[in-house]
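S.K.: Take this structure first; my questions come after.
The values are calculated or read from the model by the stated rules, or taken from the named source; none is laboratory data. Predicted model only: the values in this text are computed from it and were never measured. Positions of Cβ are backbone-derived with ideal geometry, glycine not excepted, and every protein chain shown enters the neighbour counts.
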């Protein structure tokens, strides 16, 4: 594992995402990280807009095998 991978893991596990807390700081971080790699993301919020999920597709998007 490279130093860069370890740094990313440290960053990710530092976010408090227990169920009582919002996860939006983590979502912001991951979305920005993926954006720098050219990955488009779709953010989907819960009803209260305190939590979200990210959907991202990696790989060929026109290949039916990935759908």
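S.K.: Search the stretch 17-47 for residues being assigned to a loop (DSSP other than H, G, I, E, B) and modelled with pLDDT of 95 or more, and hand back the single one that is nearest to the chain's Cα centre (by Cα).
M.R.: Out of the qualifying residues, it is 23.
S.K.: Which condition number does residue 58 fail, the rest of (1) touching a helix residue (DSSP H, G or I) at 6+ places or on another chain (Cβ under 7 Å); (2) modelled with pLDDT under 90 being met?
M.R.: All conditions pass for residue 58, except number (1).
S.K.: Tell me which residues, restricted to the stretch 26-42, are touching a strand residue (DSSP E or B) at 6+ places or on another chain (Cβ under 6 Å) and farther than 20 Å from residue 11 by Cα.
M.R.: 42
S.K.: List every residue pair whose Cβ atoms sit under 7 Å apart, with the two residues 6 or more apart in sequence or on different chains, where the first one lies in the stretch 8-20 and is over 17 Å from residue 53 (Cβ atoms) and the second, anywhere, is part of a helix (DSSP H, G or I).
M.R.: 11/29
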